[in-house]
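The values are calculated or read from the model by the stated rules, or taken from the named source; none is laboratory data. In this text the structure is predicted, and so the values were computed from the model without any measurement. Positions of Cβ are generated from backbone atoms using ideal geometry, with glycine treated the same way; all protein chains shown enter the neighbour counts. SASA here: full protein model, heavy atoms, side chains in, ligands and nucleic acids out. Shrake-Rupley method; radii C 1.70, N 1.55, O 1.52, S 1.80 Å.
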Amino acid sequence: MPTPSMEDYIEQIYILIEQKGYARVSDIAENLSVHPSSVTKMVQKLDKDKYLVYEKYRGLSLTPKGKKIGQRLVYRHELLEQFLRVIGVKEELIYEDVEGIEHHLSWDSIDRIVDLVQFFEEDETRIDELKKIQQRNIEQQ
């Protein structure tokens, strides 16, 4: 099982490959705000653990195992963003909040959040009711 730090790298590599067709150490470093040497160390570890294949100066590619995990991590991130929007979190706070909580939730909790998001999105009036409750709570403070 990957650590939270490994998950961040796998997720970022997956996103870069989906967007650009490749992931370079410099791109990963820039997107994660880390030094390229840190990326190289982590990429070597991910290669050793069979999440990706890394060839020095040639680039890297995700293994089927790494791609599967990358897809799940991106899904989790997008789901949590969606959930926070549904419950009325301010847009400017969503990304940082997701980054703060995504590694601390079990996949069982993620599955329950899926259920909750689906419940609200099946009937828009439910979201409207939630917003009314939130507005009343704000007014009472």
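Name the residues in the stretch 67-90 that are among the basic types (Lys, Arg), more than 12 Å from Ile10 (Cβ to Cβ) and outside any loop (DSSP other than H, G, I, E, B), would you?
Taking the stretch 67-90 and keeping what is among the basic types (Lys, Arg), we get 67-68, 72, 76, 85, 90.
Right, trim to more than 12 Å from Ile10 (Cβ to Cβ) and you get 85, 90.
Result: Arg85, single match.
State all residues of the stretch 28-60 that are part of a loop (DSSP other than H, G, I, E, B) and surrounded by fewer than 13 Cβ atoms within 10 Å (Cβ to Cβ); if no residue qualifies, say none.
Initially, the stretch 28-60 is screened for residues part of a loop (DSSP other than H, G, I, E, B), giving 33-35, 49-51, 56-58.
Ser33, His35, Lys50, Lys56, Tyr57, Arg58, listed by residue number.
Select, from Gly21, Gly66, Gly59, the only residue that is free of Cβ contacts under 8 Å to residues at least 12 places away in the same chain and over 30 Å from Ile133 (Cα atoms).
On the way: Gly66 fails: free of Cβ contacts under 8 Å to residues at least 12 places away in the same chain; Gly59 fails: free of Cβ contacts under 8 Å to residues at least 12 places away in the same chain.
Step by step, each of Gly21, Gly66, Gly59 is checked, and only Gly21 is free of Cβ contacts under 8 Å to residues at least 12 places away in the same chain and over 30 Å from Ile133 (Cα atoms).
Can you pull out the residues in the stretch 53-84 that are hydroxyl-bearing (Ser, Thr, Tyr) and either over 30 Å from Asp111 (Cβ atoms) or over 9 Å from the mean Cα position of the chain (by Cα) (or both)? Outline the logic, then answer.
Here is the first cut: in the stretch 53-84, the ones hydroxyl-bearing (Ser, Thr, Tyr) are 54, 57, 61, 63, 75.
Answer for the stretch 53-84, where residues must be hydroxyl-bearing (Ser, Thr, Tyr) and either over 30 Å from Asp111 (Cβ atoms) or over 9 Å from the mean Cα position of the chain (by Cα) (or both): Tyr54, Tyr57, Ser61, Thr63.
Counting just the residues of the stretch 91-123 that are at pLDDT 90 or above and either outside any helix (DSSP H, G or I) or aromatic (Phe, Trp, Tyr) (or both), which one comes out farthest from Gln12 (Cα to Cα)?
Phe119
Could you look through the stretch 73-89, keep only residues that are in contact with a helix residue (DSSP H, G or I) (Cβ under 8 Å, 6 or more places away or on another chain) and open to solvent by 50 Å² or more (accessible area, probe 1.4 Å), and pick out the one that is modelled with the lowest pLDDT?
Restricting attention to the stretch 73-89, the residues satisfying the condition of being in contact with a helix residue (DSSP H, G or I) (Cβ under 8 Å, 6 or more places away or on another chain) are 73-74, 76-77, 79-89.
Then keep just the ones that are open to solvent by 50 Å² or more (accessible area, probe 1.4 Å); that gives 82, 85, 87.
Details: Gln82: 94, Arg85: 92, Ile87: 88.
Among those residues, the one meeting the criterion is Ile87.
How do the pairs read when you match residues in the stretch 118-141 that are under 12 Å from Val86 (Cβ atoms) with residues anywhere that are open to solvent by 90 Å² or more (accessible area, probe 1.4 Å), using Cβ under 7 Å and keeping only pairs 6 or more apart or on different chains?
Hits for this filter: Arg126/Phe119.
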